[in-house]
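Contents: one structure, followed by commentary.
The values are calculated or read from the model by the stated rules, or taken from the named source; none is laboratory data. Here the structure is a predicted model, which is why all the values come from computation and not from measurement. Glycine gets a Cβ as well: all are built from the backbone with ideal geometry, and neighbour counts include every protein chain shown.
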Amino acid sequence: MIDEILVPALANKAAYLKDLIELCAIPSVSAQPDRARDVQYCSLWLSEHLRDIGLKADAMETGGNPVVFAEWKHPDPTRPAVLIYGHYDVQPADQNEGWTSEAFKPAIRDGYLYARGASDNKGQFLAHVKAVQTWLKAKGSLPVSVKFLIEGEEEIGGPHLGPFIAAHRDLLACDVAIISDSELMSLGQPVITHGLRGLAYFEVEARTAARDLHSGSYGGNVQNPIMALAQLLSGLKDDKGRVQVPGFYDDVRVLDAVERADIARLPWGEAHLISETGAPAAFGEPEYSVAERRGARPTLEVNGIWGGYIGPGAKTVLPAVATAKISCRLVPNQDPQKVYDLVRNELLRRCPAHTTLTFRTFGMSAGTLIDLDSPQIRALARAAEATYGSRPLFALEGGSLPVVNDLQKHLGKPIGMLGFGLPNDNIHAPNERFALECYEKGIEASIRFLGEL
């Protein structure tokens, strides 16, 4: 039966690509206020498109950018329901950063569609839309009930999505949620993500004077906040990269032998890391492999640090303030608030004399873990293997995706995370792209999954 669906999908690939090009041409940049009308228009475009293919759809208010919700109910209430998540907002794109073609004038070159949002996330969620469209055109119905939840604030932290999900649990109720917002290992190697790290993100400011001072007159007599902050930060880790905050690792989940074996299957080690980053060598806890450190171990990183004069030439100033931004990526079982409190208390305990510390928090989200043995995730794995020709790898991802925690908390159902993009799609960077083959394979994988489910 699946072949009856796949044949028309292949026949309609030119039309499906045209729809993706039209969607990617909308500059739905949520971070830029002057793009607010474009963001609104994108939500309306999607709502109309989903209605056109046969779903009940609307752009729903959230207090921020609209959420596009769409639904097709199977007449048999015993059939399972799948909720498909995506985001229609995109990162900013500055042409001066090195774009070969205009970011919002999609261009096809060498088998890729180049446009901001092509991979992150318009191409990936639209593949699911096209799978649903193909089923409806070929059979007049779907094998299961389908819901879409497509938000417009993912790139700015999704501030209104969590409350929206909490307030609409009945509307979003499902048997499994599917998210395609990540990567394949290669065109022939699918990856199912079964865990994401959480996040505690904060800022620490060190102040030692009421105002900037002349370093000739006051240097040697007044504490330097940059030096004080540097000393504090350097004590947070040892020379092997182990975090030295008491209690930081207390709640870290220990990997069992099966998980370590699954992670060991990932063809991602030191050579891969060096190739991707240009770093001279891998660095981190020596007791764990590169792949294990990527998603199964927590981190503490300084994301930015500044203070004093950083312009051209010399300015003999003793600054009053120095600031650093710190993020902790946290594995499941770690409480973001608890970890933040531990790090904050350690910085306060070791605070140098004559220095005042001020803290500001920016984000707290817990890590998530998905049961790979649920029938829904097994169905996703079968669909992926049939599409790509290889058994999926199962990975613990190092990044954070707060929507996963929100869905898990409020809906309590398995969440399947199968990405359709590639590692070199340049997401969040100039020349973002999405392979046409990835789009077509994503449509096929989604078609197969609906059948398997």
Quick one: what pairs do we get from the range 112-131, first residue within 17 Å of SER43 (Cβ to Cβ) and in the same structural domain as ASN12 (by TED's automatic domain parsing), second aromatic (Phe, Trp, Tyr) and surrounded by 24 or more Cβ atoms within 10 Å (Cβ to Cβ), C-beta under 7 Å, 6+ apart or different chains? LYS122/TYR88
Wholly inside the range 336-453, helices (runs of 4 or more DSSP H) that include 1 or more residues that are surrounded by fewer than 22 Cβ atoms within 10 Å (Cβ to Cβ) and aromatic (Phe, Trp, Tyr) are 336-349, 375-388
Taking interchain pairs and intrachain pairs at least six residues apart, which have beta carbon atoms under 8 angstrom, with the first residue in the range 301-313 and assigned by TED's automatic domain parsing to the domain that holds VAL245 and in a loop (DSSP other than H, G, I, E, B) and the second surrounded by 11 or more Cβ atoms within 10 Å (Cβ to Cβ) and among the charged types (D, E, K, R)? GLY308/ASP212; TYR309/LYS315
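Can you confirm whether VAL245 is surrounded by 15 or more Cβ atoms within 10 Å (Cβ to Cβ), β-branched (Val, Ile, Thr) and touching a residue at least 60 places away in the same chain (Cβ under 8 Å)? Outline the logic, then answer.
On the way: surrounded by 15 or more Cβ atoms within 10 Å (Cβ to Cβ): yes; β-branched (Val, Ile, Thr): yes; touching a residue at least 60 places away in the same chain (Cβ under 8 Å): yes.
Taking the combined requirement at face value, the residue satisfies it.
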Quick one: would you say ASP170 is farther than 24 Å from PHE362 by Cα, free of Cβ contacts under 8 Å to residues at least 60 places away in the same chain and either assigned by TED's automatic domain parsing to the domain that holds PRO392 or more than 14 Å from the chain's Cα centre (by Cα) (or both)? yes
Within the range 144-153, which residues are in contact with a Pro (Cβ under 9 Å, 6 or more places away or on another chain) and either not β-branched (Val, Ile, Thr) or not assigned by TED's automatic domain parsing to the domain that holds CYS174 (or both)? SER145, GLU151, GLY152, GLU153
Quick check on the range 321-335: of everything there that is surrounded by fewer than 22 Cβ atoms within 10 Å (Cβ to Cβ) and over 20 Å from GLY304 (Cβ atoms), which residue is modelled with the highest pLDDT? ASP335
Inspect the range 253-275 for any residue being buried (at least 18 other Cβ atoms within 10 Å of the Cβ) and in a strand (DSSP E or B) and give the result as yes or no. no
Okay, strands (runs of 3 or more DSSP E) sitting entirely in the range 49-114 with 1 or more residues that are of a type in the set (D, E, K, R), I get 56-60, 67-72, 107-109
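TYR218: surrounded by fewer than 18 Cβ atoms within 10 Å (Cβ to Cβ) and closer than 30 Å to LEU372 by Cβ, yes or no?
no
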